[in-house]
1. Given R₀ = 25 Å, what would the calculated FRET efficiency be for Arg176 paired with Trp16, taking r from the Cβ atoms and rounding to 0.05?
2. I want the antiparallel fraction of DSSP beta bridges within the chain, as a percent rounded to 5.
3. Could you list which residues have their amide H under 5 Å from that of Gly118, counting only those 5 or more apart in sequence or on another chain, with H placed in the peptide plane?
4. If the convex hull of the alpha-carbon atoms of the chain is projected onto planes in all directions, what is the mean projected area in square nanometres?
5. Let me have the relative contact order for the chain, percent, based on Cα pairs under 8 Å that are six or more residues apart.
6. Can you compute the modelled spin-label distance between Ala72 and Val42, with each label point 7 Å from Cα toward Cβ, in nm?
7. Could you report segment 55-213's accessible area per residue, 1.4 Å probe, as an integer in Å²?
8. Looking at segment 1-113, what % of its DSSP beta bridges pair antiparallel, to the nearest 5?
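The values are calculated or read from the model by the stated rules, or taken from the named source; none is laboratory data. Everything numeric in this text was worked out from a predicted model, so none of it was measured. Reconstructed Cβ throughout: ideal geometry from the backbone, glycine too, with neighbour counts over all protein chains shown. The protein model used for the area step is the full one, side chains on, heavy atoms only, and it has no ligands, DNA or RNA in it. Shrake-Rupley method; radii C 1.70, N 1.55, O 1.52, S 1.80 Å.
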Amino acid sequence: MGIPRIGLTCDLDPDWGRIIMREAYCQAILAAGGLPVLLPVVAPEAVPGYLGLIEGLVLTGGGDIQPSFFGAGTTAILHKVLPQRDAFELALTRAALAAGKPILAICRGIQVLNVAAGGDLYQDIPAEIPGALNHDQEQPRHQPSHRLATIPGTRLAGLLGPEAQVNSLHHQAVRRLGEGLRIAATAPDGVIEGLEGQGPNVVLGVQWHPEDLYPGDGRQKALFEYFVEAIGG
């Protein structure tokens with residue numbers, strides 16, 4: 001099959017008319033043996049064309065999801081809401097799930113994955129989860145800021161072990177699980193840090209940013225390697 005083509009969703013800067021992709025995502029995929037293919041936001045009707053180009057999908061980080069996409073009104077201060085990105089990525093994710101494409105969902109991506117599967121979100125952790133950790137760290141993103149515990153028997157437990165130290169750059173989080181997903185890791189305050197699909201296809205969602213940790217943490221690199229190898233397997 002050659003080098004697996006991995007689609008990576010892009011962020012937008014509408015003020016400047018720019019498509020944004022952080023280099024760390026691409027470097028992590030390359031290091032794991034995949035070929036990153038950038039997927040700019042387009043109309044949802046174009047999703048089948050994208051799926052025909054790629055063997056796997058990475059849902060990348062970015063701003064908050066518009067609450068109307070999970071059936072809620074806005075109850076918190078939201079950051080960088082881009083409804084056109086939400087509509088495209090939700091359609092892309094649902095199509096990838098239906099097609100059995102391997103998915104790795106990172107930070108905002110785990111939230112997109114959960115909403116695409118019919119779940120919903122906490123719109124603001126500090127306002128909705130009393131006593132929660134600070135999940136929007138002040139340290140540089142390549143430094144971990146809290147630990148998580150994996151759930152025994154999950155794919156993430158096999159890759160990371162029972163515990164791991166992760167970075168944290170979000171204020172929203174998975175609340176009610178989407179259909180076909182299960183919890184794979186939690187923070188000490190109970191915030192969901194990892195999800196995975198319950199079926200045979202590789203569907204992984206992580207609330208942290210492993211692409212910023214993998215150069216110094218082999219277990220984080222193993223996430224990308226496992227994902228890329230699953231495409232060939």
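1. Working: r = 36 Å, r/R0 = 1.44.
Efficiency, rounded to the nearest 0.05: 0.10.
2. Details: 20 of 35 bridges.
The antiparallel fraction comes to roughly 55 percent.
3. The list, which skips near neighbours in sequence, is Glu179.
4. Values: hull surface 47.4 nm².
The directionally averaged projection comes out at 11.9 nm².
5. On the way: 490 pairs, mean separation 47.3, N = 233.
Across the chain, relative contact order equals 20 percent.
6. Distance between label points: 3.2 nm.
7. On the way: 5880 Å² over 159 residues.
Dividing the accessible area of segment 55-213 by its residue count gives 37 Å².
8. Roughly 20 percent of the beta bridges in segment 1-113 run antiparallel, per DSSP.
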